[in-house]
Amino acid sequence: MKYYSTNRQSPEVSLREAVMRGLAPDGGLYMPGELPSIPKAFFNNISSMSLSDIAFIVADRMLGSDINSSVLRRIVAETFSFDIPLVQIDDNVYSLELFHGPTGAFKDIGARFLARVISHYSGQAPGQKVKVLVATSGDSGAAVAAGFHGVPGIETYILYPSGGLSRAQISALSLPGRSVTPIEVLGTFDDCQRLVKQAFIDSSLRREVAITSANSINIARLLPQMCYFFHGYASLLAHGERQDASPSGSPVVFSIPSGNLGNLTAGLMSMQMGLPVSRFIVANNVNNVTVDYLHEGVLKPRRAIPTVAKAMDVGNPSNITRILDLFAGSHAAITRVVDGYTVSDRDIKGTISLSHLSSGYLLDPHSAAALCALRSRLSPGEKGIFLATAHPAKSARVVAEATGEKVPPVFEPTSRRHNAPPHARISGSYDALRRLIVN
Ligand SMILES: *Cc1c(COP(=O)(O)O)cnc(C)c1O
């Protein structure tokens with residue numbers, strides 16, 4: 001399959017090139033040239049299928065012409081090596097727990113898949129390691145470090161700002177061996193991003209080593225996220241819910257705690273491939289650029305402000321261009337299937353507290369935002385699934401304040417981190433980074 005840029009000012013490319021480039025040369029995001037439909041028959045026995053079987057079938061429809069089936073089956077199995085349970089919260093509401101991966105957030109899934117796809121392509125040019133560069137201001141670094149650690153054919157360099165990460169976030173980057181090199185940059189996150197950009201435009205460096213990025217806009221991070229929408233639907237049927245229970249067809253509504261809109265994009269692509277979904281709800285925190293767009297029809301990016309759902313503190317959602325592209329730019333077409341709701345920090349803490357009191361179910365702030373939006377928007381007869389995107393232990397302080405309950409630390413430093421090499425440390429100068437990469 002060919003991949004095109006949403007800006008349509010650069011040539012269509014193969015999957016390999018779209019993955020290795022990350023961003024298209026014209027600054028657009030890559031999209032698959034078509035969304036192959038999934039045969040109706042698939043949905044008749046989907047409820048008895050395993051996560052990895054469903055994920056393989058979806059991935060094979062998308063990528064089967066680019067990656068050999070047996071390789072793809074292995075990549076999918078290694079990516080989805082943990083459970084994604086659907087937990088019933090009440091009669092009509094379910095939690096899709098995407099946080100059982102190594103770093104406790106759904107970003108593990110995209111990172112694990114991307115690492116293995118890059119490794120697959122690097123194996124086609126034996127003897128040469130691909131160097132992956134990524135700048136992080138927090139959690140995405142942990143998912144990338146864990147997802148790329150020990151994957152053959154790849155060396156990963158993670159740049160983070162000195163003083164910008166919590167102790168747990170820094171320790172999550174410390175892994176044994178040499179395949180992941182954390183680099184503390186004496187500067188800001190912007191300096192880290194500038195250094196990475198400089199490496200990509202350094203043509204003499206690119207002649208010496210193969211470099212690529214694990215940036216969140218990479219199409220190979222998005223594709224595996226489609227799989228869990230199909231899996232969530234299958235699990236709902238397995239819970240005994242009927243797919244024809246509503247006159248409009250499917251009663252299924254997904255509520256998505258949103259920042260850069262990767263999950264919403266994956267959900268909408270799944271729907272266009274034939275997943276029986278009735279609609280989506282976007283939950284924003286007070287950085288509600290997307291919700292404002294849905295209500296007003298105008299996109300007004302602005303500076304983000306901090307909230308308790310940090311990973312959703314986004315003022316200019318990158319994947320909105322992909323969503324506009326999916327609907328040919330039509331606001332009316334988008335709002336037919338996407339509804340939006342804004343959740344304040346108070347709503348988030350109230351939802352965590354109420355859920356704990358009424359059922360003992362612990363929510364992290366991002367998942368709580370999605371549940372809060374779902375409760376306020378779900379109509380009678382609908383069945384709602386909200387994406388639980390992070391483990392409550394990752395926001396232990398907020399959860400403890402809202403519930404009075406201490407959440408045991410699941411992702412704290414472990415003993416295996418003791419034999420991790422110390423982090424490299426560089427000033428904001430590009431030469432120092434270049435030397436690290438070349439050696
Ligand atoms: C990144 C993140 C989000 C936002 O997801 P998008 O796909 O960028 O909209 C929500 N919750 C958590 C825990 C995250 O890490």
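The values are calculated or read from the model by the stated rules, or taken from the named source; none is laboratory data. If you're wondering where the values come from, they're calculated on a predicted model, not measured in any experiment. Here the Cβ is made from the backbone with ideal geometry for all residues, glycine too, and neighbour counts use every protein chain on show. Just the protein is used for accessible areas: all its heavy atoms, side chains included, with ligands, DNA and RNA removed. Shrake-Rupley method; radii C 1.70, N 1.55, O 1.52, S 1.80 Å.
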Dipole moment magnitude, nearest 20 debye, the chain about Cα centre, only Lys, Arg, Asp, Glu C-beta charged: 900
Selected from 93, 352, 392, residue furthest toward positive end of dipole (the chain; charges at beta carbon): 392
In a GNM of the chain with a 10 Å cut-off on Cα contacts, which of 159, 275, 324 has the highest mean-square fluctuation? 324
Could you work out which residue, out of 367, 376, 47, moves most in a Gaussian network model of the chain, that is, has the largest mean-square fluctuation with Cα springs under 10 Å? 376
Would you work out the relative contact order for the range 1-61, in percent, from Cα pairs under 8 angstrom that are 6 or more residues apart? 29
Simple SL model, points at 7 angstrom along Cα→Cβ for residue 425 and residue 9; separation in nm is 4.2
So how far apart, in nm, are the two label points at residue 162 and residue 435 if each is 7 Å from Cα heading toward Cβ? 1.6
Normalising by the residue count of the range 102-255, find the relative contact order in percent from Cα pairs under 8 Å and 6+ residues apart. 25
Net lengthening on full extension, residue 129/residue 292 (0.36 nm per residue, minus Cα-Cα): 54.2 nm
With labels modelled as points extended 7 Å from the Cα through the Cβ direction, what inter-label distance (nm, one decimal) is found for residue 238 paired with residue 345? 3.9
Measure of compaction for the chain (Cα Rg per 2.2 N^0.38 Å): 0.95
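Report the gain in length on full extension from residue 190 to residue 305: 0.36 nm times residue separation, minus Cα-Cα distance, nm rounded to one decimal. Display every interim value, and only then the final one.
Values: separation 115, 0.36 × 115 = 41.40 nm, distance 1.68 nm.
Extra length from residue 190 to residue 305 when fully extended: 39.7 nm.
Rounded to the nearest whole Å², what accessible area per residue is found for the chain with the 1.4 Å probe? Display every interim value, and only then the final one.
Values: 17960 Å² over 439 residues.
Per-residue accessible area for the chain comes out at 41 Å².
Would you please give the FRET efficiency between residue 410 and residue 37, computed as 1/(1 + (r/R0)^6) with r the Cβ-Cβ distance and R0 = 35 Å, to the nearest 0.05? Numbers along the way, then the final one.
Values: r = 39 Å, r/R0 = 1.13.
The value I calculate is 0.35.
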Within the set 399, 314, 209, GNM on the chain using Cα springs under 10 Å gives the largest fluctuation to 209
Pairs on different chains or at least eight residues apart, Cα atoms closer than 18 Å: how many lysine pairs in the chain fit? 8
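Run the numbers on the chain and let me know its relative contact order in percent, using alpha-carbon pairs under 8 Å that are six or more apart.
Numbers: 854 pairs, mean separation 80.0, N = 439.
Relative contact order of the chain: 18 percent.
Probe radius 1.4 Å, ligands and nucleic acids ignored: give me the carbon and sulfur share of the accessible area of the chain as a rounded percent. Spell out each step's value before the answer.
On the way: 9110 of 17960 Å².
Ligands and nucleic acids excluded, carbon and sulfur give 51 percent.
How would you order 383-394, 132-143, 300-311 from highest to lowest mean count of nearby Cβ atoms within 10 Å? The partial results should precede the final answer.
Values: 383-394: 25.4, 132-143: 23.1, 300-311: 16.2.
The densest-packed peptide leads the list: 383-394, 132-143, 300-311.
Pull out the extension gain between residue 206 and residue 316, defined as 0.36 nm times the separation in residues minus the alpha carbon to alpha carbon distance; nm, one decimal. The partial results should precede the final answer.
Values: separation 110, 0.36 × 110 = 39.60 nm, distance 3.00 nm.
Gain in length upon complete extension: 36.6 nm.
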